[in-house]
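The values are calculated or read from the model by the stated rules, or taken from the named source; none is laboratory data. Small disclaimer: the values here were computed from a predicted structure and weren't measured. Here the Cβ positions follow ideal geometry from the backbone for every residue, glycine too, while neighbour counts run over all protein chains shown.
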Amino acid sequence: MHEMDLITPESPQYLLFKDYALAVKEFLDEVLYLKRFSRDKQPNIYYSTPRRAWAKIVQPLVNGFSETPVCVFHLSGLEPKMSEVMGGFVTLTEQHPTNENKLRVNYSPTIWKLTYTTTLWTRVLNDMDTMLSQLLIYTVEPKVWATKVNNVWAELYVENISIEDDLEPGDAKDKTVRRSITIGIRRAYLPREAYDVGRINQFMFEIGDENHLESEII
């Protein structure tokens, strides 16, 4: 059995597209700003679904304990882009991170289109209009928000703005303004499996008058 077919304690452990979620968080932190609030009371931004964010994050805003707007986002869509290729990249061989006598062979990542559902709450409509305009200025095509994720460019865009006031429970719909937008990334890269091989040691030996190159795998 090939080593790459085995599930081991060294198998990759990471959140799905975590680095791209961090890029979306940095984008929201950068562009959402309301002048009427101090620096320490700017919109609170979290990675969460709206339902999970309600109790601890949104409810204080609805009940009037806070006026600071809330923004939550989560990965809501994954679409493989099998027709797009990596430009000839098949494998990448690099030094093993912990064993100097081994090399790690990485297969080319797969390409995906990501969508992040982003929900915003404010106490007043003016704040909501300001934040939506800030998002649209930087991301409505042909303009996109360009950033680097793992040293590879990623482009963020915004689409599908919807009014969701009626989704609020009880009288919360009369106390807050709620909007939803979709933030998309067209080309995101998901790492594939990797496997380790022994480093090849090369040495010369003589047979008669000819030199021969021999390889030994440790």
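Observations
- When the test is whether a residue is in contact (Cβ under 8 Å) with a residue 12 or more places away in the chain, part of a helix (DSSP H, G or I), aromatic (F, W, Y) and touching a strand residue (DSSP E or B) at 6+ places or on another chain (Cβ under 7 Å), Y138 passes it.
- Being within 19 Å of the chain's Cα centre (by Cα) and either surrounded by 14 or more Cβ atoms within 10 Å (Cβ to Cβ) or modelled with pLDDT under 85 (or both) holds for only one residue in R192, R178, and it is R192.
- Within segment 113-132, considering residues that are of a type outside the set (V, I, T) and in a helix (DSSP H, G or I), the one surrounded by the most Cβ atoms within 10 Å (Cβ to Cβ): M131
- Subset of segment 88-107 [modelled with pLDDT of 80 or more and of a type in the set (S, T, Y)]: T98
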